[in-house]
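Following: one structure in structure tokens, then a few remarks.
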Amino acid sequence: MLTPSATVVRDVSAPVPFEDSAPRTSKPRVVAAGMPAIISTAKHGIRKMGAIRSISNLSKVNKFDGFDCPGCAWPDPDGHRTFAEFCENGAKAVADEATKRKAGPDFWKKWSVSELSRKSDFWLNEQGRITHPLVLNQNSEHYEEISWDDAFEMIADNLAVLSDPDQAIFYTSGRTSNEAAFLWQLLARTLGTNNLPDCSNMCHESSGHALTQSIGIGKGTVTLDDFIHSDLILIVGQNPGTNHPRMLTALRDAKKNGSSVVSINPLEEAGMGRFKHPQNPLEVLGSGTKIADEHVNLRINGDMALFRGFAKTIISQDACDIEFIEDHTDGFDDYSELVQNTEWGDVESLSGVAREVIERIGNKIAQSKSMIVCWAMGLTQHKNAVQTIQEIANVSLLGGHIGRSGAGLCPVRGHSNVQGDRTVGINHHPSATFLDALDDRFGIEAPRIPGCDAVEAVRRMSSGQSNVFMSMGGNFLSAMSDTRATASALQNCELTVQISTKPNRSHLITGKSALILPCLGRTERDSTGIGDQFVTVENSMGVVHMSVGNARPASDMLMSEPAIVASIGSKLNQSGIHMDIPWLELVNDYDNIRREIESVIPGFDSYNERSRNRGGFYLPNSPRDSRKFDTPTGKANFISNPMSSITADAGKFVMMSIRSHDQYNTTIYGLDDRYRGVKGGRRVVFVNELDMEENGWQELQTVNVSSHYDGKVITSERWYLVPYNIPPGNVATYFPESNELIPLESVADMSNTPTSKSVLVSISTAN
Ligand code: SF4
């Protein structure tokens, strides 16, 4: 290990700093998109990119020959693309990446990391694109420019002297392309570690675990086209209006085709109210389309009980698809018995929903010929998340709603390529089949001991078991739970490396030494010795398609993600870690990388040819394609879990963390939440009005919030109370601000995902 001179203790602030003033509040909206979305898109575009760039970039996003939106993973239409194939938040994501602002060497000379750590996430993000590789030396408070070669040497030197490869951690954010992700996992495994945590550990890991056990694949089973053929769509624990806005178009079209939509969420979101498609003048000027026919504002974490109630209704009416059940499933009898032995009283109390409402929707499900169930973080970030998603799969199996047109399960991914990264090997517990294929192809001995996920990564860094943290994109500190624990873990490292586009808090809370490696964005041209390159991504429906940037890079000093990984691999070769991998040849032409992926991972036949097809290609999905289930039973499994839900003791609340309409994951585009009527601030606690009265609280009163877990109490100060239509005993706050309240130990069973959607908190008046 490099001999450290006296280490400067950097006085950095990990949690997001307080806001000086209370936000302003107004009546929440019940209409999504429309003229306000057009205005907001124009504002963000012109403010960050200017008019010309806005037109050139936005005319290319999500087009067959354009780049994939760096926002969520909602699919593009297979056959056609509209002239503006993006939503308001997609436009914000593009503007944010293609901003004219630059955080060049002078910026980092001016500001110390301690000073920057006291800036808000919004301010940090506003500083623009990082233009040069930067190093934060042990005895320094300021990042300085470093050459790429010296940066790669520094990384190789730190990796080469590790006594155990598991001292290194390779984190991946979901924006990483298939090509970069495949090389990243290859680098880690050739080095000898499976320490490959990724952002899905914090989001849909629970879906992957649940569905793999239920139907033999950790992905959804629907296509975009299924929406138009469904007769019933359930939106559970998801806020499409903000987090997957183009989904509203699919829901509008399904409604126009006779489908019914039910929103199931503690919060009644604008996107489930009325939708005005911004490209349809009649809708913009008219009243738009009513999306949800019914809204069920169950209590936080009441979903499992609710779906158990639906199953009771279906089974009591003998409305099961017995033929499908007999031919394609296992475990029905046990499940049916469990359901019938479940008391309605428990269903009502744990769900927070009245029996007659449950039976009314249960009837709709029982009569449905083609039902789709969609969900997002509102389901996956709870202790019983895996069991809840299995209960949803059970209800879908009762009606045979798998592998039928217009029917299926639809976990909607929040990051544009988080599903693709997992598909090409970003997985801390990979299959033996995959590792065997890697060994055969590259002549390596890939490690067989599972690595660490995001939560375990924090533990390993805290204990010193791991001390080199490499992050491909993302903002690990802000995305992770228990901000203080994550901060001290990162600070316990010898070296942290961030491959990034813009400044964020993970650049400020670092190891003793730190590097920032500025990479190309999706919008930017990526040229190598043989010409322009394209990358590929996989959306929530399992469609792999190309993304090609065409804008001039923000700086001539930027490197592509694949080139950065290959340069580290090549440098390691020189540092004595012999890797018989032609790194630089692979990234000279990305077709070479795709050939390697094709040779190692099933379903990528003729990868280079098919990724050049208009719209790309669908990966195989046996439950969807042929009702085949790759489970130990060879069938889809009814899984009988005891019903559960989090309950708060007297004087405590169940808190869930949510996104505002002006953010994408941990990236803060603005301080407003137009749909929920909040302006100019983010440290708000949404509280039920009766709870406000009962506690004698005033609107915008300043309070402290404390979380309680197994005797551990974490307090976060100076939040503002906002009365809101949320079930009694439940409160909501924005992340990443409230991530400091989520204890590291509070995780979901089996998936180990932080329980960001259900934490017990108490609220006290601030001094
Ligand atoms: S719906 Fe998602 S992928 Fe589509 S434009 Fe919006 S943010 Fe981007």
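Any read-out appearing in this document is the output of simple, stated calculations on the displayed coordinates, not a laboratory observation. Keep in mind it's a predicted model, so treat the numbers as computed, not measured. Cβ sites come from the backbone with ideal geometry, for glycine too, and all protein chains shown count toward neighbours.
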### Query
For residue 75, what charge total do you get from the other residues with a beta carbon under 15 Å from its beta carbon, if Lys and Arg give +1 and Asp and Glu give -1?
-1
### Message
As a test of understanding, state the convex hull volume per residue of segment 32-97 from its alpha carbons, in Å³.
### Response
86
### Task
Calculate the length of the line joining the C-alpha centroid of segment 679-716 to that of segment 440-462, in whole Å.
39
### Task
State whether the chain is rounded, prolate or oblate according to the following rule on the C-alpha gyration tensor (a ≥ b ≥ c being the square roots of its eigenvalues): a/c under 1.5 gives rounded; otherwise a/b larger than b/c gives prolate, and the remaining case gives oblate.
rounded
### Summary
Residue by residue through segment 495-511, the couplings from Karplus 6.51 cos²θ - 1.76 cosθ + 1.60 with θ = phi - 60°, in Hz, x for Gly and Pro, are 9, 10, 10, 10, 9, 9, 10, 9, x, 8, 5, 5, 7, 10, 9, 10, x
### Task
May I ask for the distance between the Cα centers of segment 353-394 and segment 28-84, given as a whole number of Å?
32
### Whole-Å distance, taken between Cα centres, linking segment 493-526 and segment 101-143
11
### Task
Counting residues in segment 279-382 as N, plug N into 2.2 N^0.38 Å and put the Cα Rg over that result.
1.31
#### Entry: Cα gyration tensor category, rounded, prolate or oblate, for segment 653-765 with a/c compared to 1.5
oblate
### Task
Past 21 Å, Cα to Cα, is the threshold; run 312/628; 712/757; 92/256; 383/712 against it and keep the listed order.
312/628; 92/256
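First check a/c for segment 36-188, with a ≥ b ≥ c the square roots of the eigenvalues of its C-alpha gyration tensor; if it is under 1.5, answer rounded, and if not, answer prolate when a/b is larger than b/c or oblate otherwise.
In terms of gyration-tensor shape, oblate.
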### Query
Taking residue 60 as the anchor, which aspartates and glutamates have their alpha carbon closer than 19 Å to its alpha carbon, excluding any fewer than eight residues away along the same chain?
68, 76, 78, 85, 88, 96, 97, 524, 526, 532, 538
### Task
With runs of 4+ DSSP H residues as the only contributors, calculate the mean residue ellipticity of the chain at 222 nm using -39,500 (n - 2.57) per run, divided by the residue total and rounded to the nearest 500.
-9500 deg cm²/dmol
### Task
Return the FRET efficiency for the residue pair residue 749, residue 51: r is the Cβ-Cβ distance, R0 is 45 Å, and the value is rounded to the nearest 0.05.
0.30
### Message
Please list, in order along segment 435-447, the HN-Hα scalar couplings obtained from phi with the Karplus expression 6.51 cos²θ - 1.76 cosθ + 1.60 (θ = phi - 60°), rounded to whole Hz, x for Gly and Pro.
### Response
5, 4, 5, 5, 4, 4, 6, 10, x, 10, 10, 4, x
### Message
Net charge within 13 Å of residue 533 by Cβ-Cβ distance, Lys/Arg positive one each and Asp/Glu negative one each, not counting residue 533 itself?
### Response
-3
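Might you report the magnitude of the Cβ-based charge dipole of the chain about its Cα centre, with Lys and Arg at +1 and Asp and Glu at -1, to the nearest 20 debye?
2460
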